[in-house]
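Only one structure is covered here, and it is reproduced in the block below.
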Amino acid sequence: QVQVVESGGGLVQPGGSLRLSCVISGFPLDYYAIGWFRQAPGKEREGVICISSDGSTYSRDSVKGRFTISRDNAKNTVYLQMNSLKPEDTALYYCATGIDRGLSVVADHYDYWGQGTQVTVSS
């Protein structure tokens with residue numbers, strides 16, 4: 001019954017911007033954390049950024065100052081604003097949610113995952 005659907009990916013030039021959206025159905029987000037993860041071909045999945053139920057956020061060093069996460073509980077939607085994109089940001093981006101276990105980008109802390117949306121940064 002719980003569904004997680006990402007959208008907004010695409011092809012963008014280095015230095016450009018994209019905004020990803022994640023719509024979660026099946027339960028309200030009030031007490032859940034949401035994280036964005038990404039996986040490039042041949043690489044392990046890595047945590048990118050997350051937001052807790054109280055609105056606190058954390059991001060990995062490589063995207064700090066460039067990526068911003070926000071949530072709208074009333075709309076059951078989470079947004080990832082990505083600015084100053086670099087080729088190394090190219091990956092399949094996944095949105096995930098789960099019971100808030102503390103601010104974390106550890107994949108095992110999340111229970112429900114979307115299908116992913118592709119972000120490609122290239123000239």
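Summary of computed values
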{"quantity": "Residue among LEU92, LEU20 that alone is assigned to a strand (DSSP E or B), open to solvent by 20 Å² or more (accessible area, probe 1.4 Å) and modelled with pLDDT of 95 or more", "calculated": "LEU92"}
{"quantity": "Every residue from region 8-39 that is among the small types (Gly, Ala, Ser) and either out of contact with any Cys (no Cβ under 8 Å at 6 or more places or on another chain) or under 17 Å from VAL121 (Cβ atoms) (or both)", "calculated": "GLY8, GLY9, GLY10, GLY15, GLY16, SER17, SER21, SER25, GLY26"}
{"quantity": "Qualifying position, being under 12 Å from the mean Cα position of the chain (by Cα) and part of a loop (DSSP other than H, G, I, E, B), among VAL105, VAL119", "calculated": "VAL105"}
{"quantity": "Residues being in contact with a Leu (Cβ under 8 Å, 6 or more places away or on another chain) and either loosely packed, with under 12 Cβ neighbours inside 10 Å or closer than 17 Å to GLY116 by Cβ (or both) - total across region 31-47", "calculated": "4"}
{"quantity": "Selection count, region 24-40, where residues are over 10 Å from the mean Cα position of the chain (by Cα), closer than 20 Å to SER104 by Cα and modelled with pLDDT of 95 or more", "calculated": "1"}
{"quantity": "Top-ranked residue in region 70-82 [being under 18 Å from VAL4 (Cα atoms) and surrounded by 21 or more Cβ atoms within 10 Å (Cβ to Cβ); ranked as modelled with the highest pLDDT]", "calculated": "LEU80"}
{"quantity": "Every residue from region 23-57 that is within 15 Å of TYR79 (Cα to Cα) and either among the aliphatic types (A, V, I, L, M) or in a loop (DSSP other than H, G, I, E, B) (or both)", "calculated": "VAL23, ILE24, LEU29, ALA33, ILE34, VAL48, ILE49, ILE51, SER52, SER53, GLY55, SER56"}
{"quantity": "When residues of region 100-123 are limited to those that are of a type in the set (Ser, Thr, Tyr) and over 16 Å from GLY8 (Cα atoms), the one surrounded by the fewest Cβ atoms within 10 Å (Cβ to Cβ)", "calculated": "SER123"}
{"quantity": "Cβ pairs under 9 Å, 6+ apart, first in region 55-76 and without any contact (Cβ under 8 Å) to a residue 40 or more places away in the chain, second open to solvent by 50 Å² or more (accessible area, probe 1.4 Å) and of a type in the set (Lys, Arg)", "calculated": "SER62/LYS86; ARG66/LYS86; PHE67/ARG60"}
{"quantity": "Yes/no for VAL63 being of a type outside the set (Gly, Ala, Ser), farther than 29 Å from GLN1 by Cα and in contact with a Leu (Cβ under 6 Å, 6 or more places away or on another chain)", "calculated": "no"}
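For every residue, the table says whether it meets (1) touching an Asp or Glu at 6+ places or on another chain (Cβ under 9 Å); (2) open to solvent by less than 10 Å² (accessible area, probe 1.4 Å); (3) of a type outside the set (Val, Ile, Thr).
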| position | (1), (2), (3) |
| --- | --- |
| GLY15 | no, no, yes |
| LEU29 | yes, yes, yes |
| ARG60 | yes, no, yes |
| VAL63 | yes, yes, no |
| SER84 | no, no, yes |
| PRO87 | no, no, yes |
| GLY98 | yes, yes, yes |
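The values are calculated or read from the model by the stated rules, or taken from the named source; none is laboratory data. Model, not experiment: these values are computed from the prediction. Heads up, the Cβs are rebuilt from the backbone with ideal geometry, glycines too, and the neighbour counts pull from every protein chain shown. Accessible surface is based on the protein model in full, side chains and every heavy atom, while ligands, DNA and RNA are left aside. Shrake-Rupley method; radii C 1.70, N 1.55, O 1.52, S 1.80 Å.
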